[in-house]
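Let me begin by presenting the structure, written as structure tokens, before commenting on it.
The values are calculated or read from the model by the stated rules, or taken from the named source; none is laboratory data. These figures come from a predicted structure and were not determined experimentally. We place every Cβ from the backbone using ideal geometry, glycine too, and count neighbours over all the protein chains shown. Side chains are part of the model used for accessible areas, which takes the heavy atoms of the whole protein and leaves out ligands, DNA and RNA. Shrake-Rupley method; radii C 1.70, N 1.55, O 1.52, S 1.80 Å.
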4 protein chains.
Amino acid sequence: MTTKLNIAVVGAGYWGPNLARNFHTSPDWNLVAICDIDGERARRVAEMTGGVRVVTALSDLLASADLDAVAIATPAKTHHGIARAALSAGMHVMVEKPLADTGVRGRDMVRAAAERGLVLMADHTYCYTPAVLKIRELIEEGALGDILFVDSVRINLGLIQPDVDVFWDLAPHDLSIIDFVLPGGLRPLTVSAHGADPLGAGKSCVGYLSLPLPNGAMAHVHVNWLSPTKIRQMIIGGTKRTLVWDDLNPQQRLSVYDRGVDLELQALDGAERSAATVSYRLGDTWSPALPEREALGAMASEFAEAIRDRRPSRTDGEAGLRVLSILEAASRSLAGFGAATPLDADRIAADRPLAEELL
Amino acid sequence: MTTKLNIAVVGAGYWGPNLARNFHTSPDWNLVAICDIDGERARRVAEMTGGVRVVTALSDLLASADLDAVAIATPAKTHHGIARAALSAGMHVMVEKPLADTGVRGRDMVRAAAERGLVLMADHTYCYTPAVLKIRELIEEGALGDILFVDSVRINLGLIQPDVDVFWDLAPHDLSIIDFVLPGGLRPLTVSAHGADPLGAGKSCVGYLSLPLPNGAMAHVHVNWLSPTKIRQMIIGGTKRTLVWDDLNPQQRLSVYDRGVDLELQALDGAERSAATVSYRLGDTWSPALPEREALGAMASEFAEAIRDRRPSRTDGEAGLRVLSILEAASRSLAGFGAATPLDADRIAADRPLAEELL
Amino acid sequence: MTTKLNIAVVGAGYWGPNLARNFHTSPDWNLVAICDIDGERARRVAEMTGGVRVVTALSDLLASADLDAVAIATPAKTHHGIARAALSAGMHVMVEKPLADTGVRGRDMVRAAAERGLVLMADHTYCYTPAVLKIRELIEEGALGDILFVDSVRINLGLIQPDVDVFWDLAPHDLSIIDFVLPGGLRPLTVSAHGADPLGAGKSCVGYLSLPLPNGAMAHVHVNWLSPTKIRQMIIGGTKRTLVWDDLNPQQRLSVYDRGVDLELQALDGAERSAATVSYRLGDTWSPALPEREALGAMASEFAEAIRDRRPSRTDGEAGLRVLSILEAASRSLAGFGAATPLDADRIAADRPLAEELL
Amino acid sequence: MTTKLNIAVVGAGYWGPNLARNFHTSPDWNLVAICDIDGERARRVAEMTGGVRVVTALSDLLASADLDAVAIATPAKTHHGIARAALSAGMHVMVEKPLADTGVRGRDMVRAAAERGLVLMADHTYCYTPAVLKIRELIEEGALGDILFVDSVRINLGLIQPDVDVFWDLAPHDLSIIDFVLPGGLRPLTVSAHGADPLGAGKSCVGYLSLPLPNGAMAHVHVNWLSPTKIRQMIIGGTKRTLVWDDLNPQQRLSVYDRGVDLELQALDGAERSAATVSYRLGDTWSPALPEREALGAMASEFAEAIRDRRPSRTDGEAGLRVLSILEAASRSLAGFGAATPLDADRIAADRPLAEELL
């Protein structure tokens, strides 16, 4: 039996209470404090989690000698400041999605954690659901073959957010999941974003992301705040099999279809395309049983294990950064009428000096 | 009781037999001949339709004194030649989708028909299904309010076509339907196409079309040959209500949701966006009963009525042309890595006076 | 603003905590104590509900001067004893389903409450869900016309109960719902029960109830512990419209079909059946929006209002008794190989003297 | 290549044309004539099937020297007479369901065929669908283990038949399927039927059949003409796996659930039930791919093969008789208020020696 690690949750708004409840009941963690500028709000969360300490000043919290880690659930623009302070105080950090409000700041957080040998984990909760863990496992073991396309739809009648558009609000879920299940992560060649603001809300309420991948594959994401029907579906097409994840069908969330198109190219006179022979497989469908486990609990365990094993977590800062880079490229593409926009890969190196000035 | 019109079907391949069967049983038409270079193929169709005349040369067919119209179901690249010959012979023409293989040829067909006062009809069969007719009616009477977005998905394990990509194969259905139901037709500001060819088939097998519409609205089409699950769904969001058409659910094809987001912009200090107040309607859902009627039969009637009433048909050459222009723009966008591509609007305008002065 | 009433929950097993949580958060109630022989179990529930008093002896609880009511969530065979004691102490009583383990005891409880002018309420939780409240409202206002048939299916992979069969475990839900929505309650002419025990569990694991109603109508219930798919569906056919309630479809729980069969009987030579003319209505489908409200909260309010208004609650002891009578008749029918078995209506009168001896 | 057999279809009403079309296109058969008292009706069918001979008198048909078999699709009450005449003329016979209008007549037909060594086949079309053939195969190879229960639902807004009730109209489908897939056929211990006639149609429009099977298992059938939703679902629970057949879901007709309840009885003090330990399996779901094949074509082939191989067909007269016996018992049960009613098992036994000594 290992010793429990001590953690505090920073931010007692919408998501913080969920983190607090899970760290409180985790066998790996002692929840020791809730920190929020609004002391009353923090107190309400503390009451539900065994009456832990309430702190209203971050500096007071970080001065605690007993704290191993903090989990940050505050608005995105404050992530960088809080995470940097916690890392400086020698604490491991988990950050709610998105990792930061800009790529520059996100990269700075990743670098700071790396320099100190601390774990920086992105709170990509969906990745720890039994369904997504199973998808990753299936792709890893080759059950789907090479990935040909990923099509993700996440639409619902949703709250129009005051500060972010539908891409920044919903797409982090899809992007972090695709990043998690694709071997090597989600690394699109470019990003094209198409948005619509038909109500005049001043931001996209309907959004589409096209993400061409190496080898002719493609990922696509449809997010929408204006749909009266709720759809949460991801199709992952592979050369061997194709998987459909319908998150709203608890009786059969995952379906693996042994169906597909096989294309045999025969090299005639210099590999002519016209010689292609198409054949179809119409095989069985298989739906793996999934264990019942709350994602947040699994995420809390992963955070503890990563710290103990001194390894990056499965959804580490780099993963958070990849998602962030795509969101930023999407915003640039949107401003460019959907033009194919490169990721800021070059800048990653270039802006290191810049970033360090930021502190 | 009006006299029946005489028609011949040109092309006895995949689609021709369906046209032949419907004209044969239509109260408005006498099917008088089947024309195909392959006489044997034509004969098989003729046998199933009361043993009508078999013709293997188009010139022989067009020399018939008794023919009022022809329905063309041959490969797209032959549409222009056959239609032009038929129009020159004074016959009304129905053409399988797409109207032609290029916009130039399509426009020439439209112009030629207009010059002669003949009906040129696009065989947009889906538009004559009870579901689509009902959608058009609902939008026309204002039941949905202003249209905010249209999202159409048409995916299935499909035959990889030897001559066309997935856009030209499947999207004509979606585009012709959207064109039919939107007041004024589908007139996107630009076209962005993103395609994937992950199997190396030499053409897109997965495709996405983003079509920004006036007033911030957007239409989007997802077509896919590689999906093991079949989805045929269109969501049409309006300011008043939102409609979902699930063509694979015969028990409830259309659902009209009285749900939506209302945005009230209050002008404070110069119409600040931040003053927007969002409210939700979570009203009833309503699914109109649809009559059971075969689309092809309704289309045959419409063709006859348009001829008798000397009016354009509900899916006239102009509609076919709008679909064709979007497909051509999509191909150009695809070549430009998804760049927002204008329609050949200038050319349409330039052509129009010519066309209009003639009908 | 009315004064809150004081209540204690008796029984801290599976269901008690749910009751406790809802009375604790209800604007109508003060939860003042949790009573269970197992003090530790009671303490755990008390901790989650504001640290209310823990009592291990029923007599201590009932001696409290401040208690207005008790909610009983103990095994069925103890319901009578506890309820009788509470009624004698002048308290209103809510009892978990089934009302009692035998009809005799149930009737005695009803009588005792009536004698003292106290509210005896059956905890038929499902009746307070938005869906069931809406169904009752629709039937009441005549939207369905006369009820022709009710078909209820409640199947799932379920725990084989040690003490009761699948009828007593699951059917109380269906029966209490049907009783709630039918005007005048569920009053079948007879009860036929067919059960199967294919695993040799010593009790029915698969069960069917046929309940002929007046005027040729019928209710039927299918309950099943062995089904790998979960179905919770009720179809209520009426002369005007038919309603389908699919409780596992949160996006469209209720569908009202304006479809049906009309039979016009024309009296020829003495009302010959052969002269019947059948016609069909194939009208629209309509799905009413339902408010989001937790059933237990609504039930707690109803209990309080019934006490304040000195009226029977909407699921009063009589309703509990009707359900109990059907369950008992079902057990007798089962023993008689499914023979149509009358309810114990006669005995209701007959056993009054007997019942009084019981006390 | 075997020689084709010659067949005529008797009855050109609703079902006859389907039989005619399939025998016409079958590689095993020559359709040589259509026989119907209504010559015009027969002529219309003959025209669609290559212009075969039209006969209006059965005696003329049976006098044909070239006829190997007849397929009878006339009203049930005429089956016996026509089949007997055809058998006497030395022809093999296929009969539309139900085999006859009474068990006595059905048994006489079976006996007559056996005496002459002729094939008497019941037209249980559903049994030849790919789904049902697969179910039979799965049960045969033990994939489901021992069968615990079968629950079949076939409900829809249906035509109220003038001559038969909903049991005789719809249940033959369910019963013949269950008979086909259960090893040894469907041999219930008793039959209980519950029907409702809420419209006063003079016959049951809603019906339930409870069929206890050996070893505590049970089959149950729900048929209904008054349901606005269409359901065609059969659940077959086994000790190893459970199968769900949803005939209205073409994308996943069959689902095999590796889920179930295991009951381990431990013999303590004489095999006490209380020592039962229940455990659950929550394994994967599997949906076998099904070939696309029309059932009527497969049935036509089976009829030919049975004749050639001089063996009973897979849905022979005995199978038709078992279905008929259950329907007759159902009618008797209905008259007895749902009392458990024995089959005419004694009579079957009594008849059997007669039948057996002849084939």
Would you mind telling me which residue in D:191, D:323, D:55 has the biggest mean-square fluctuation in a Gaussian network model of chain D, where springs connect alpha carbons within a distance under 10 angstrom? D:55
Please compute the contact order of region D:127-286 in relative form: average sequence separation of alpha-carbon pairs under 8 Å and at least six residues apart, divided by the residue count, as a percent. 24
Using a cut-off of 27 Å between alpha-carbon atoms, which lysines can reach residue B:203, once sequence neighbours fewer than 8 places away in the same chain are excluded? A:240, B:77, B:97, B:230
Within 10 Å of each Cβ in D:280-288, the average number of Cβ atoms from other chains: 6
Give me the percent of the accessible area of chain B that comes from carbon and sulfur atoms, probe 1.4 Å, all protein chains in place. 52
First check a/c for the protein assembly as shown, with a ≥ b ≥ c the square roots of the eigenvalues of its C-alpha gyration tensor; if it is under 1.5, answer rounded, and if not, answer prolate when a/b is larger than b/c or oblate otherwise. oblate
Using a Gaussian network model on chain C with a 10 Å cutoff between Cα atoms, which of C:59, C:279, C:192 fluctuates the most? C:279
Tell me, what is the FRET efficiency for residue A:14 and residue B:104 to the nearest 0.05, using R0 = 60 angstrom and their Cβ-Cβ distance as r? 0.60
Between C:215, C:224, C:22, which gets the highest mean-square fluctuation from a Gaussian network model of chain C, Cα cutoff 10 Å? C:215
Averaged across the residues of C:190-196, what count of C-beta atoms belonging to other chains lies within 10 Å of each residue's C-beta? 6
Roughly what % of Cα-Cα distances in region A:127-286 sit above 21 Å, to the whole percent? 52
Peptide C:318-330, shielding by other chains (average Cβ, 10 Å cutoff): 0
Loop only per DSSP, at most 13 neighbouring Cβ atoms within 10 Å: give me the GluC sites (Glu not before Pro) in region D:280-330, ordered by residue number. D:292
Rounded FRET efficiency, nearest 0.05, which uses the C-beta distance separating residue B:294 from residue D:289 and R0 of 22 Å: 0.15
Over chain D, how many percent of alpha carbon pairs lie in each 10 Å bin up to the one with the longest distance? 5, 22, 31, 26, 12, 3, 1, 0
Quick one: label points 7 angstrom along Cα→Cβ at residue C:145, distances to the other copies in nm, smallest first? 3.6, 4.6, 5.5
Taking every DSSP beta bridge with both residues inside chain A, roughly what % is antiparallel (nearest 5)? 60
Sum of -39500 (n - 2.57) over DSSP H runs of 4+, divided by residues of the protein assembly as shown (222 nm, nearest 500): -10500 deg cm²/dmol
May I ask you to derive the FRET efficiency for residue C:115 and residue C:310 from their Cβ-Cβ distance with R0 = 25 Å, giving the value to the nearest 0.05? 0.95
Compute the Cα gyration tensor for region C:130-189, then decide on rounded, prolate or oblate, letting a ≥ b ≥ c be the square roots of its eigenvalues: rounded whenever a/c is under 1.5, prolate when a/b is larger than b/c in the other cases, and oblate in all that remain. prolate
Per the axis that maps chain B onto chain D, nearest residue of B (Cβ criterion) and its distance in Å: B:48, 5
I need the per residue convex hull volume for region D:1-66, using only the alpha carbons, in cubic angstrom as a whole number. 68
Accessible area in square angstrom per residue, region A:127-286, 1.4 angstrom probe: 35
Put a point 7 Å out from Cα along the line to Cβ at residue C:63; what are the distances to that point in the other copies, in nm, shortest first? 5.3, 10.6, 11.8
Chain C: relative contact order in percent, alpha carbon pairs under 8 Å with at least 6 residues between: 18
How far, in nm to one decimal, is residue C:337 from itself in the other copies if the label point is set 7 angstrom along Cα toward Cβ? Shortest first, please. 1.6, 8.2, 8.3
Please label the shape of region D:67-221 as rounded, prolate or oblate, based on the square roots a ≥ b ≥ c of the eigenvalues of the alpha-carbon gyration tensor (a/c under 1.5 means rounded; beyond that, a/b larger than b/c means prolate, else oblate). oblate
Kirkwood hydrodynamic radius (Cα pairs, Å) of region C:201-247? 12.9
